[in-house]
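Down below is the structure, laid out as structure tokens.
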Amino acid sequence: MSRSAHIAGPRYADVLHEGHYTAPPADLNVLDPRVWARTVTRNADGAATVGGLDVRALAEEFGTPAYFLDEADFRARCHAWRDAFGTGADVFYAGKAFLSRAVVRWLYEEGLNLDVCSAGELAVALSAGMPADRIALHGNNKSLAEIERAVEVGVGRIVLDSFQEIVRVAHVAERLGKRQRVQIRVTVGVEAHTHEFIATAHEDQKFGLALAGGQAAEAVRRVLKLEALELVGIHSHIGSQIFDMAGFEVAARRVVSLLAEVRDEHGVELPEIDLGGGLGIAYTSEDDPAEPHDIARALREIVTRECESSELGVPRLSVEPGRAIVGPTAFTLYEVGTVKPLEGLRTYVSVDGGMSDNIRTALYDAEYSVALVSRTSTAEPMLARVVGKHCESGDIVVKDAFLPADLAAGDLIAVPATGAYCRSMASNYNHALRPPVVAVNDGEARVIVRRETEDDLLRLDVG
Ligand code: LLP
């Protein structure tokens, strides 16, 4: 088909206008290292490989759709964060981005700690042998059972999110005869430049205790009175997929000023501050995320400067990256089914997964890249929309992308940067079977989360 049939017409103009693309990429066969996992490349046949393994063979062995996770990349990113922050700080991987027992073992081996936000995540962490004192428990509405389990096993810290929770955690700790280390989560009043649903530090939302109006200071007062709680620090998380360091700077400044207030009022210097996660990754070639070393340097400088100006000792810093570690390490492999050109608009490419394995496009209008990976092609680029097989028109995986015009049923395409918040937010909508996660490392592939089966679905259906 001719180029103009695919990329001319009013909708192409809209795409240009919205600024998603200035033009089709010069060569659709190039796998931009900015968005693909570290070991992804093409072999002499033109097929993509990860960890040295051909995606066609991987599809054959593990089926599609499937997530393939580059273990070497994951470990390298853990190492880079650990190294950037050094021994004077702690890196807590945010398990909500993606958690499995293999991941917990990698984190343990690479010297990272773990942030969990539910009993389920805590259970996975403990069952894979993460020492409890390297785990932090989060959540804006922790159940009593979650609190009990966490205190019982001795998690390193519980991040308190409300006045009610202060009382609940103290009661549980008292009953179990323990003193629980806690931090207080504060909302610093920053409007993070990200999607509304993943911004968490402005005041009108459910997380934390506001600095403005004195809620956070009141929480400190209450916690300090309770024998069963050891207040070790203040926590702030401003949002997710953020590129601009300015929000972190404001957050750090405001958290340190609370530490100074606490010192003035109570004569206590709290030893820790946690600035949360939220660093953005590249989903398309236009995104340009910061490196862990630059982030660490910037955060350390801000905290040190602010502490000096308040004459405070510099507290131990911690951060909680989730997406920035696991996001870039995986891609989702799909088989192309229906290819439907809509003249003057775009070509709809249907794959064998969809919003059940990647809800982010539907939920946040997220942008993704996509490439034909089972072969190369010299065909003209066509403007495509990659859609799933679910029963709704919002079932979009990649909204605007260029794919070669000779794309056909049976081709394999892959969407990079799906390591974070894809498998962990996957659903069984339309009774879809959630795809497996396959770890690939140095010529070997192994399933770390297996594909669901119809038996799994039927086991839950006990009616
Ligand atoms: N710490 C806390 C307290 C958090 O709430 C989060 C994310 C993180 C750390 C890790 O943030 P990250 O480094 O991964 O940005 N489902 C959304 C993201 C929700 C993030 C929730 N909290 C998405 O798919 O974009």
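The values are calculated or read from the model by the stated rules, or taken from the named source; none is laboratory data. Just so it is clear, the model here is predicted, and its values are computed rather than measured. With ideal geometry, Cβ positions are generated from the backbone for all residues, glycine too; neighbour counts draw on all protein chains shown. The accessibility values were calculated without ligands, DNA or RNA, using every heavy atom of the protein model including side chains. Shrake-Rupley method; radii C 1.70, N 1.55, O 1.52, S 1.80 Å.
Quick grid of which residues meet (1) modelled with pLDDT of 95 or more; (2) under 25 Å from Arg434 (Cα atoms); (3) open to solvent by less than 30 Å² (accessible area, probe 1.4 Å):
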site	(1), (2), (3)
Leu317	yes, no, yes
Glu320	yes, no, yes
Thr332	yes, yes, yes
Lys340	yes, no, no
Glu343	no, no, no
Gly354	yes, yes, yes
Arg375	yes, no, no
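Conditions tested, residue by residue: (1) more than 16 Å from the ligand (Cβ to nearest atom); (2) of a type in the set (Asp, Glu); (3) outside the structural domain of Asp365 (by TED's automatic domain parsing); (4) closer than 30 Å to Arg179 by Cβ.
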| residue | (1), (2), (3), (4) |
| --- | --- |
| Leu224 | yes, no, yes, yes |
| Phe243 | no, no, yes, no |
| Ala246 | yes, no, yes, no |
| Leu258 | yes, no, yes, yes |
| Arg263 | yes, no, yes, yes |
| Gly267 | yes, no, yes, yes |
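Within the stretch 83-105, restricting attention to residues that are farther than 13 Å from Arg316 by Cα and surrounded by fewer than 18 Cβ atoms within 10 Å (Cβ to Cβ), which residue is nearest to the ligand (Cβ to nearest atom)? The selected residue is Asp83. Of the candidates Ala401, Ala417, Ala379, the single residue that is away from the ligand (no atom under 16 Å from the Cβ) and touching a Ser or Thr at 6+ places or on another chain (Cβ under 8 Å) is Ala401. The number of residues in the stretch 279-292 that are under 24 Å from Gly208 (Cα atoms) and open to solvent by 10 Å² or more (accessible area, probe 1.4 Å) comes to 1.
Test Val250 against the criterion of being at pLDDT below 95, part of a helix (DSSP H, G or I) and within 25 Å of Glu269 (Cβ to Cβ), and give yes or no. Here the answer is yes, as Val250 does meet what is asked.
Kindly evaluate Thr347 against the criterion of being touching a residue at least 40 places away in the same chain (Cβ under 8 Å), within 16 Å of the ligand (Cβ to nearest atom) and closer than 26 Å to Leu403 by Cα. It is false that Thr347 is touching a residue at least 40 places away in the same chain (Cβ under 8 Å), within 16 Å of the ligand (Cβ to nearest atom) and closer than 26 Å to Leu403 by Cα.
Within the stretch 379-400, how many residues turn out to be in contact (Cβ under 8 Å) with a residue 12 or more places away in the chain, of a type outside the set (A, V, I, L, M) and over 19 Å from Pro65 (Cβ atoms)?
If we filter the stretch 379-400 for residues that are in contact (Cβ under 8 Å) with a residue 12 or more places away in the chain, which is where we start, we get 379-392, 394-400.
Adding the requirement that they be of a type outside the set (A, V, I, L, M) leaves 380-381, 385, 388-392, 394-395, 399-400.
After this cut, where a residue has to be over 19 Å from Pro65 (Cβ atoms) as well, the list is 380-381, 400.
Number satisfying all stated conditions: 3.
Taken together, the residues in the stretch 30-57 that are crowded, with 17+ Cβ neighbours inside 10 Å, in contact (Cβ under 8 Å) with a residue 12 or more places away in the chain and of a type outside the set (D, E, K, R) amount to 12. Listed by first and then second residue, the pairs with beta-carbon distance under 9 Å, at least 6 apart or on different chains, first residue in the stretch 80-103 and free of Cβ contacts under 8 Å to residues at least 60 places away in the same chain, second away from the ligand (no atom under 16 Å from the Cβ), are Arg82/Glu110; Arg82/Gly111. Checked against the criteria, Ala228 counts as among the hydrophobic types (A, V, I, L, M, F, W, C), away from the ligand (no atom under 16 Å from the Cβ), surrounded by fewer than 22 Cβ atoms within 10 Å (Cβ to Cβ) and at pLDDT 95 or above.
Contact map, the stretch 407-424: first residue over 21 Å from Val449 (Cα atoms) and without any contact (Cβ under 8 Å) to a residue 12 or more places away in the chain, second residue within 11 Å of the ligand (Cβ to nearest atom) and of a type in the set (S, T, N, Q), Cβ cut-off under 9 Å, separation 6 or more or different chains; the map is empty. When the stretch 399-452 is filtered for residues that are among the polar types (S, T, N, Q), assigned to a loop (DSSP other than H, G, I, E, B) and surrounded by fewer than 21 Cβ atoms within 10 Å (Cβ to Cβ), the ones remaining, listed by number, are Ser427, Asn428.
Of the residues in the stretch 127-146, at least one is outside any helix (DSSP H, G or I), of a type in the set (Ser, Thr, Tyr), open to solvent by 40 Å² or more (accessible area, probe 1.4 Å) and in contact (Cβ under 8 Å) with a residue 12 or more places away in the chain.
Residues in the stretch 371-394 that are under 25 Å from Ala97 (Cα atoms), of a type outside the set (Gly, Ala, Ser) and out of contact with any Phe, Trp or Tyr (no Cβ under 9 Å at 6 or more places or on another chain): Lys389 only. The residue pairs whose first member lies in the stretch 260-274 and is part of a helix (DSSP H, G or I), whose second member is surrounded by fewer than 12 Cβ atoms within 10 Å (Cβ to Cβ), and whose beta carbons are closer than 9 Å, counting only pairs six or more residues apart or on different chains, are Ala260/Glu311; Arg263/Glu311. Among the criteria (1) surrounded by 15 or more Cβ atoms within 10 Å (Cβ to Cβ); (2) at pLDDT below 95, the one Val155 does not fulfil is (2).
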